[in-house]
Every structure is written in C-alpha cells, then in structure tokens.
Amino acid sequence: MSQVIEFLNNRHSSGKLSEPGPSQSQLEQLLQIGVRAPDHGGLQPWQFIVMTGAGRAKLGDIFAQAATFNDAEPAKIDKARNMPMRAPTVITVITKYKEHPKVPWVEQIQSAGCALFSMQQAALAMGFGGIWRTGDFARDELVRDKLGLGIEDEIVGFLYLGTDLCDSHAHKTTKLADKVIYWD
Ligand SMILES: Cc1cc2nc3c(=O)[nH]c(=O)nc-3n(C[C@H](O)[C@H](O)[C@H](O)COP(=O)(O)O)c2cc1C
C-alpha cells in the first residue's frame, strides 16, 4: 500500500519519449486497465485508437490537413505532421457520448479522462514514460471528422507513450492551503 501511495505522489509526465514503446501484450494490459475506468451507468462511453508505426503518420497527415485548412504556414504544417512522431505509441482517447437520463455529458467526459489517466499511470508502473496532450487539434473540426467523432463526442486527449528520455522530473509544489477548504 505504501508503495502505491509513494508511486502516486511521485507520478510524473514525460515530454521526451523514444523507442521502444509498450509491446503488444503490454498495450493490451494498458487497454484492459483503461476499460476499468469508473463509469456511471456502465455506459463504457470510450473509444481508444492505438496508433503505432505508420498509424502515427496517418494521424500526422490528418493534423497536417487541418493545419493546411486553417491556412497555416508550411513550417507549421510540417510541425503538425510530425507531432504524433514524438513517441512510439499514441493512444487517442475519445468519449463516445451516449444519451442517458442519469449520466450527463460531463460525467462521460470524466470517465474517459479517468481511463486515459489510468493507462498513463499503468504505463509508468511498467517503466514507460507518457504525457497527456490535447492542443488545438483535439478540438479541430477536420480532425474530429476524420477520427469519426459525432457532434457530442470529444477527444479527451492523445496519450503519448514511450521510453522516458528526461533526466529528471521536477515537481511543482502546491500549498494545500491554497486549494483545500475543510468543513469540520
Ligand atoms: C486535459 C489535459 C490536456 C493537456 N494538454 C497538454 C498539451 O497539449 N501539451 C502539453 O505539453 N501538456 C499538456 N497537458 C499537461 C501534461 O499532460 C502534464 O500534466 C503537465 O506537463 C504537468 O506534468 P506532470 O504530469 O509531471 O505534473 C495536458 C494535461 C491535461 C490534464
């Protein structure tokens, strides 16, 4: 138990990632943990698109098309195309909204966010690094369309995973008193 507490207290993201990423069996373990996310009503309102190898280039092409459509300069289009190549594995986590009288949209988004976070932490526990990214492309109409999102679906994030190249991970210290109120 104390190891879990220490793990959570020291968890961190990694922006510099390289090969190797998780193997197929490790990926399946991660996805299995993803689908264990808390889920009001058992709706399972998530979809995970696992992008490895040339699959990342497909996402890069979509980003480049979106940048082109938005009149970006050639350098920005190239940057967009290369974004998914920043890690060997990218898991795009999507909320597939399901209308339900007791489970509003925001709860379904939260559930997908939990799935992403669980997979990130599980990857960390396996010895990999990862980072949750969104950016403008997560909200871009063309990207949403190419990834098959409906009007009430959301891209909650792109989970980049790989071997952590960061030497150290500085933790921001937060004063609890700034964030916490006790009602005794
Ligand atoms: C919903 C969400 C979207 C994020 N999008 C980005 C992003 O696009 N680019 C980025 O560098 N960090 C992004 N972050 C922040 C990183 O994932 C990470 O949390 C941050 O760098 C702090 O590092 P730490 O997790 O080690 O505390 C996002 C975080 C969340 C929760």
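The values are calculated or read from the model by the stated rules, or taken from the named source; none is laboratory data. This is a predicted model, so every value here is computed, not measured. Backbone-built Cβ (ideal geometry, glycine too); neighbour counts: all protein chains shown.
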Quick one: what pairs do we get from segment 128-142, first residue under 24 Å from Gln26 (Cα atoms), second near the ligand (Cβ under 8 Å from one of its atoms) and β-branched (Val, Ile, Thr), C-beta under 8 Å, 6+ apart or different chains? Thr134/Val156
Identify, from the list Leu124, Leu116, the residue that is under 9 Å from the mean Cα position of the chain (by Cα), closer than 22 Å to Arg11 by Cα and not aromatic (Phe, Trp, Tyr). Leu116
Just name the residue that is nearest to Thr173 (Cα to Cα) out of those in segment 5-32 that are charged (D, E, K, R) and touching a residue at least 24 places away in the same chain (Cβ under 8 Å). Arg11
Picked from segment 1-35 (must be in a helix (DSSP H, G or I) and among the charged types (D, E, K, R)), the residue farthest from Met119 (Cα to Cα) is Glu6
Test result for Pro38, within 30 Å of Ser168 (Cβ to Cβ) and either surrounded by fewer than 13 Cβ atoms within 10 Å (Cβ to Cβ) or within 16 Å of the ligand (Cβ to nearest atom) (or both): no
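Yes/no matrix, rows are residues, columns are (1) assigned to a helix (DSSP H, G or I); (2) at pLDDT below 95; (3) more than 25 Å from Ala54 (Cα to Cα):
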{"position": "Pro84", "(1), (2), (3)": "yes, no, no"}
{"position": "Lys102", "(1), (2), (3)": "no, no, yes"}
{"position": "Ser111", "(1), (2), (3)": "yes, no, yes"}
{"position": "Met119", "(1), (2), (3)": "yes, no, no"}
{"position": "Ala122", "(1), (2), (3)": "yes, no, no"}
{"position": "Gly130", "(1), (2), (3)": "no, no, no"}
{"position": "Phe137", "(1), (2), (3)": "yes, no, no"}
{"position": "Glu152", "(1), (2), (3)": "no, no, yes"}
{"position": "Gly162", "(1), (2), (3)": "no, no, no"}
Within segment 164-184, restricting attention to residues that are in contact with a Lys or Arg (Cβ under 8 Å, 6 or more places away or on another chain) and part of a loop (DSSP other than H, G, I, E, B), which residue is modelled with the highest pLDDT? Leu165
When segment 124-143 is examined, which residues are found to be more than 9 Å from the ligand (Cβ to nearest atom), buried (at least 18 other Cβ atoms within 10 Å of the Cβ) and over 16 Å from Arg81 (Cα atoms)? Leu124, Phe128, Gly129
Scanning segment 151-184 residue by residue, those away from the ligand (no atom under 16 Å from the Cβ), surrounded by 12 or more Cβ atoms within 10 Å (Cβ to Cβ) and not charged (D, E, K, R) turn out to be Thr163
